[in-house]
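Inspection log for the structure reproduced underneath, given as structure tokens.
The values are calculated or read from the model by the stated rules, or taken from the named source; none is laboratory data. What you are looking at is a predicted structure, and each value in this text was computed from that prediction instead of being measured. Don't worry about glycine lacking a Cβ; one is built from the backbone with ideal geometry, like all the others, and counts go over all protein chains shown. Only protein heavy atoms, including side chains, enter the accessible area calculation; ligands, DNA and RNA are left aside. Shrake-Rupley method; radii C 1.70, N 1.55, O 1.52, S 1.80 Å.
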Amino acid sequence: MFDDFISALEDDEFEEKPVTIEEFVTNEQYLHLPPLSSYQYQSIKAITQIYKKDTLIKLYGEEEGLKRYRQTCNEVILQLGKGSGKDYLSTISVAYLVYLLLCLKQPAKYFGKPPGDAIDIINIAINSEQARNVFFKGFRKRIEDSPWFVGKYSITAQSISFDKSITCHSGHSERESWEGYNVICVILDEISGFSTVSTSGNEQSKTGQAIYDMYRASVDSRFPDVGKVVLLSFPRYKDDFIQQRYNSVIADKE
């Protein structure tokens, strides 16, 4: 009996059983923030669902686990208006994603990679100022204000490195590329701020489509089953990039 118990512990993927997003947001041991709306919780769940089917069944039971697994997606399009709290939502989402990874005993091994292999999360802003003063400033506050993360991270000017080789980067489109990173999630922040067509004649110029294609390929090559590309922006004009992408997905579904 005791041997069976020890065997079960060794087979368990978790170092710590993760709490729900609702508890993570409001509980004083985690973010200790006011409750979010149902739409915000739904968005965060879509961005952060990275667990395998068997893992979800262990956590939530067969019915709920299968339901959550079927909701797993690799692209999230959040076309939200000004003042809707997009950046607040993204900082909470990334904090919860890091939390879910840290709850695993060996995150890299869980995803079929060498133990201790790096896992990267990247927020791509339009420019370095936005990267520094919007996303990174808010995300850093989420982490520094949370008792649960104490002792589990170190901060540099543009990234936060966590235990178990997990790193969150605050990037921007002016940087040429993020080649060599094991990207499980990239947030294309204010993607509609980029042109829909090249005005230079260079097919590799940083249009919304070129940026999307580059990061889509990067995520798909590293984490094809659960990796996420998140498009986050308010529409700037009719048929801008996020509207094009949204309409394309809706057309495919229909």
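General remarks:
- Looking only at residues in the range 138-161 that are surrounded by 12 or more Cβ atoms within 10 Å (Cβ to Cβ) and among the aliphatic types (A, V, I, L, M), the one that is farthest from TRP178 (Cα to Cα) is ILE143.
- The range 125-137, subset assigned to a helix (DSSP H, G or I) and crowded, with 19+ Cβ neighbours inside 10 Å, residue modelled with the highest pLDDT: PHE136
- Residue in the range 221-233 that is touching a Ser or Thr at 6+ places or on another chain (Cβ under 6 Å), modelled with pLDDT under 75 and among the polar types (S, T, N, Q) present: no
- Residue that is modelled with the lowest pLDDT [pool: residues in the range 209-220 that are more than 14 Å from VAL76 (Cα to Cα) and in contact with a strand residue (DSSP E or B) (Cβ under 8 Å, 6 or more places away or on another chain)]: ILE211
- Counting residues in the range 141-163 that are of a type outside the set (A, V, I, L, M, F, W, C), under 30 Å from GLU28 (Cα atoms), modelled with pLDDT under 90 and in a loop (DSSP other than H, G, I, E, B) gives one or more.
- Cβ pairs under 6 Å, 6+ apart, first in the range 133-152 and under 17 Å from PRO18 (Cα atoms), second modelled with pLDDT of 95 or more and open to solvent by 60 Å² or more (accessible area, probe 1.4 Å): PRO147/GLN29; TRP148/GLN29; LYS152/ASP163
- Residue match in the range 18-41 (condition: surrounded by 13 or more Cβ atoms within 10 Å (Cβ to Cβ) and touching a strand residue (DSSP E or B) at 6+ places or on another chain (Cβ under 8 Å)): no
- Matching helices (runs of 4 or more DSSP H) fully within the range 46-104 where at least 2 residues are in contact (Cβ under 8 Å) with a residue 24 or more places away in the chain and closer than 17 Å to LYS228 by Cβ: 86-103
- Subset of the range 209-234 (residues that are farther than 30 Å from LYS113 by Cβ and touching a Phe, Trp or Tyr at 6+ places or on another chain (Cβ under 9 Å)): SER233
- The set of residues from the range 222-254 being open to solvent by 80 Å² or more (accessible area, probe 1.4 Å) and in a helix (DSSP H, G or I) comprises TYR246, ASN247, ASP252, LYS253.
- Taken over the range 140-193, the residue count meeting the criterion of being touching a Ser or Thr at 6+ places or on another chain (Cβ under 8 Å), within 20 Å of THR48 (Cα to Cα) and of a type in the set (Asp, Glu) is 2.
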